[in-house]
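Q: Shown below is the structure under consideration.
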Amino acid sequence: MRHIHRHRLLPRRPVISSHKQQAGFSLIEVMISVLVLSVGLLGLAALQVTALQNNQSAFMRSQVSAMAYDIADRMRENIAAANGNFYDPAMAALRSNCDTTAGCTPQEMAQNDLAIWNDAISSYLPMGQGFVCLDSTPLDGNDYGNPQCDGTGNQFAIKIWWDDDRDGLINVTPSNAERFVISFKL
């Protein structure tokens, strides 16, 4: 008979490295993990800031739209004054007797409407300015001081400018339009 010798496999002893080698390696891992986490949190914070800015911009645009349609509705209610060109921003003035339509003339009502509208624009929009005019080319005009209204045609233009990005300037470049324009006919 043959004898088969079985070799016993002894478990290997783990290689134990010195304490100095392992201590530095785990500290580097922790530092890299903290760095990766910090970069991720900074990215998340930047995303939140951008979302808040866009939300504020959308809110201001919705306010501008409501204000433009408000003055358009007021002009439709006071057609005599609109056709008489009494919705001139230079003539805006609060009239205490215009709380009702029976208390004032169409011209006084137009002046009162513009004063209330201008007050709302300056209250709700940073550097807000608005202009109402007859204009055959409504999509021009750089600011309140230069609205470029030609005064021709039968189409009214409502132009509103504001500082959307709050940099202290009103930009009308296509990439950063801080102007809202609607045009309508009575």
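Where a number appears in this text, it was derived from the coordinates with a stated rule and is not lab data. Predicted, not measured: the structure shown is a model, and the values here were computed from it. Reconstructed Cβ throughout: ideal geometry from the backbone, glycine too, with neighbour counts over all protein chains shown.
Q: Could you list E178, E108, E29, E77 in order of exposure, starting from the residue whose Cβ has the fewest other Cβ atoms within 10 Å?
A: Numbers: E178 25, E108 17, E29 10, E77 13.
Ascending Cβ contact count within 10 Å gives the list E29, E77, E108, E178.
Q: Please list, in chain and number order, the residues 5+ apart from D150 or on another chain whose amide H is under 5 Å from its amide H, with Hs placed from the backbone.
A: Long-range HN contacts for D150: S136, T137.
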